[in-house]
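Colleague: Sending over a structure as structure tokens; questions will come in a sec.
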């Protein structure tokens, strides 16, 4: 009589086996400990002994054990629709424009999505009309608007696709479907949520009925693990983004070189809080407008650290002006299950020149605001974007606010803390007098403009390369791009450390111009490099592959696509 084992109970099977089998199972545990106890159950045959409810092994594990399984690997062998965010909450943009779809390539081959289409229940739109590669194990995120990238943490190696002319392509919050078609218009993958309706233009008999359960606003549907595919609605799970808040810094002032404990709280609605990974970003107000904008520089100061709620950091690189600390929490299931929070603006004064303190005390100080490229307080208007106030009640939008006391548990010495506390309790006249006793050091010269910039079009991407700058205080580079007749915009999220960059977010038939600027540790940008341009080829009709059709037969999708 066959021996029965409970679901996901490989341990029972392990204990029951003879010694030779134990060695094989020990080997499996070493190869993949997590999968050892977390397998779906099915029937398989092992050397003539019929077992039921024994976990399924993938091909590699079966080879190690010397077993034969008739259950296929549940990870897809083709490009899949991996995540869907269709019910947008206020924190992540607006309906229609800021919906997004994530594609995943679980194969070990490049996938060129030229002339591929994504379809909802009514229309289909092209993903790219030129070569565009999703590498093995790579991801692509597509949306109607590029503003979507501002609401989520998406690394530069992810292919970002802005759909061309997606006027009728948007997703229902109640029930809808997605089809992924290759360049021969064959369906590669599909999924749906809610109850399908036969009157849908793209309805087919393979839709799930019922589909995936509708998720609450702000949640997303996703495969777990990535690429999991048994062709069932249960392949998709409901995921909520983490919740994040910054506890410290909470405003005030911080000095360059000061040691502080950044504090935050991040909770994971999908599992244990300590499963979250944390990234910390230091933002400098390079365009001097008192608000976080694309013109500011972002410095990644902690990457993929544990969610401990605290991180000790020495403030660097130095900067004169407003700064922010941004906390990003990322779920273990997928990089798009993320959320972030930003501290109130913090003022970072320039470092004092201690060696010249005696000279400064005897000299009448001049107005340094012009020298440091900062407007005097009296000439600045409060910025509505920040709306933050100092604990002393002063307006936080100007660049000459007094210092506030440091957090008690920072590693700053007690003497320094006491001095700052005394500084806060002095009246305005004393603060003004004290400020006259400090000689401020203006920033040094900015870096030289990068040289040797070249650009090459290959596999649907723009490959930029230039000569590395030699400044000792070089922090990185910013990449600027524009279309014909438009203004330059920075396209990198974080400072680029290497002297090369790949731009994958380009459109067919466009003429692009590029420039590079070097950035030093003080946040100063160089002059722009030479301008280079690149023509992205248009899709050529003779290269478009279509499904065979009878002479004179119209393509059912022609009217839908042309309507865009």
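Colleague: Given the conditions (1) surrounded by 17 or more Cβ atoms within 10 Å (Cβ to Cβ); (2) part of a loop (DSSP other than H, G, I, E, B); (3) under 22 Å from the mean Cα position of the chain (by Cα); (4) outside the structural domain of residue 102 (by TED's automatic domain parsing), which single one is not true for residue 226?
Modeller: All conditions pass for residue 226, except number (4).
Colleague: How many residues are buried (at least 21 other Cβ atoms within 10 Å of the Cβ) and within 12 Å of residue 339 (Cα to Cα) when one looks only at region 247-267?
Modeller: 1
Colleague: Quick check: is even one residue across region 245-265 out of contact with any helix residue (DSSP H, G or I) (no Cβ under 7 Å at 6 or more places or on another chain), at pLDDT 95 or above and under 28 Å from residue 212 (Cα atoms)?
Modeller: No, that holds for no residue.
Colleague: Ok, one more. Would you tally the residues in region 235-246 being surrounded by fewer than 19 Cβ atoms within 10 Å (Cβ to Cβ) and farther than 12 Å from residue 333 by Cβ?
Modeller: Here the count works out to 2.
Colleague: Please identify the pairs in which a residue from region 478-497 that is under 22 Å from residue 448 (Cβ atoms) has its Cβ atom under 6 Å from the Cβ atom of a residue that is modelled with pLDDT of 90 or more and in a loop (DSSP other than H, G, I, E, B), counting only partners at least 6 apart or on another chain.
Modeller: 480/488
Residue-wise test of (1) under 12 Å from residue 333 (Cβ atoms); (2) under 25 Å from the mean Cα position of the chain (by Cα); (3) not assigned by TED's automatic domain parsing to the domain that holds residue 330.
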residue: 219; (1), (2), (3): no, yes, yes
residue: 222; (1), (2), (3): yes, yes, yes
residue: 233; (1), (2), (3): no, no, yes
residue: 259; (1), (2), (3): no, no, no
residue: 269; (1), (2), (3): yes, yes, no
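Colleague: Let me ask another. Quick check on this structure: which one of 94, 107 is surrounded by fewer than 23 Cβ atoms within 10 Å (Cβ to Cβ) and closer than 23 Å to residue 215 by Cβ?
Modeller: Matching residue, one of 94, 107: 94.
Colleague: Residue under question is residue 156, and the condition is that it be under 27 Å from residue 94 (Cβ atoms), surrounded by fewer than 20 Cβ atoms within 10 Å (Cβ to Cβ) and at pLDDT 95 or above; does it hold?
Modeller: no
Colleague: Moving to a separate point now. Looking at this structure, is residue 164 without any contact (Cβ under 8 Å) to a residue 40 or more places away in the chain, within 30 Å of residue 494 (Cβ to Cβ), in contact with a strand residue (DSSP E or B) (Cβ under 8 Å, 6 or more places away or on another chain) and in the same structural domain as residue 97 (by TED's automatic domain parsing)?
Modeller: Working: without any contact (Cβ under 8 Å) to a residue 40 or more places away in the chain: no; within 30 Å of residue 494 (Cβ to Cβ): yes; in contact with a strand residue (DSSP E or B) (Cβ under 8 Å, 6 or more places away or on another chain): yes; in the same structural domain as residue 97 (by TED's automatic domain parsing): yes.
Taking the combined requirement at face value, the residue does not satisfy it.
Colleague: Right, another one. Go through (1) crowded, with 21+ Cβ neighbours inside 10 Å; (2) in a strand (DSSP E or B) one by one and return the number of the condition residue 190 breaks.
Modeller: (1)
Colleague: So which residues in region 231-248 are within 16 Å of residue 281 (Cβ to Cβ) and part of a helix (DSSP H, G or I), if there are any at all?
Modeller: Within region 231-248, none qualify.
Colleague: For residue 450, which of the numbered conditions (1) at pLDDT 90 or above; (2) surrounded by fewer than 16 Cβ atoms within 10 Å (Cβ to Cβ); (3) assigned to a loop (DSSP other than H, G, I, E, B); (4) touching a strand residue (DSSP E or B) at 6+ places or on another chain (Cβ under 8 Å) fails to hold?
Modeller: Condition not satisfied by residue 450: (2).
Colleague: Continuing with this model, one more query. Consider residue 301 carefully, then state whether it is without any contact (Cβ under 8 Å) to a residue 24 or more places away in the chain and either surrounded by 20 or more Cβ atoms within 10 Å (Cβ to Cβ) or assigned to a strand (DSSP E or B) (or both).
Modeller: So residue 301 passes the test.
Colleague: On to the next question. Would you list the strands (runs of 3 or more DSSP E) that sit entirely within region 111-172 and hold 1 or more residues that are within 24 Å of residue 497 (Cα to Cα) and out of contact with any helix residue (DSSP H, G or I) (no Cβ under 8 Å at 6 or more places or on another chain)?
Modeller: 139-143, 159-162
Colleague: Let me ask something additional. Could you tell me whether region 471-478 includes any residue that is closer than 20 Å to residue 161 by Cβ and either assigned by TED's automatic domain parsing to the domain that holds residue 163 or touching a strand residue (DSSP E or B) at 6+ places or on another chain (Cβ under 7 Å) (or both)?
Modeller: No, there is no match, as no residue in region 471-478 is closer than 20 Å to residue 161 by Cβ and either assigned by TED's automatic domain parsing to the domain that holds residue 163 or touching a strand residue (DSSP E or B) at 6+ places or on another chain (Cβ under 7 Å) (or both).
Colleague: On the basis of being surrounded by fewer than 19 Cβ atoms within 10 Å (Cβ to Cβ), within 18 Å of the chain's Cα centre (by Cα), closer than 12 Å to residue 331 by Cα and outside the structural domain of residue 488 (by TED's automatic domain parsing), does residue 279 make the cut?
Modeller: So residue 279 does not fit the description; no.
Colleague: Another question about this same structure. Select from region 304-316 the residues that are part of a strand (DSSP E or B) and crowded, with 18+ Cβ neighbours inside 10 Å and list them in ascending order.
Modeller: 311
Colleague: Could you look through region 89-99, keep only residues that are in contact (Cβ under 8 Å) with a residue 60 or more places away in the chain and touching a strand residue (DSSP E or B) at 6+ places or on another chain (Cβ under 9 Å), and pick out the one that is nearest to residue 189 (Cα to Cα)? Working first, answer last.
Modeller: Initially, region 89-99 is screened for residues in contact (Cβ under 8 Å) with a residue 60 or more places away in the chain, giving 89, 91-92, 95-96, 99.
Pick out the ones that are also touching a strand residue (DSSP E or B) at 6+ places or on another chain (Cβ under 9 Å) and you get 91-92, 99.
Numbers: 91: 30, 92: 27, 99: 19 Å.
Within region 89-99, the match that is nearest to residue 189 (Cα to Cα) is 99.
Colleague: Can you tell which of 539, 486, 554 is under 24 Å from residue 160 (Cβ atoms) and at pLDDT below 80?
Modeller: 539 is the lone residue from the list that is under 24 Å from residue 160 (Cβ atoms) and at pLDDT below 80.
The values are calculated or read from the model by the stated rules, or taken from the named source; none is laboratory data. As the structure is a computational prediction, the values presented were derived from the model and not from experiment. When we count neighbours, we look across all protein chains shown, and the Cβ atoms used for this are built from the backbone with ideal geometry, even at glycine.
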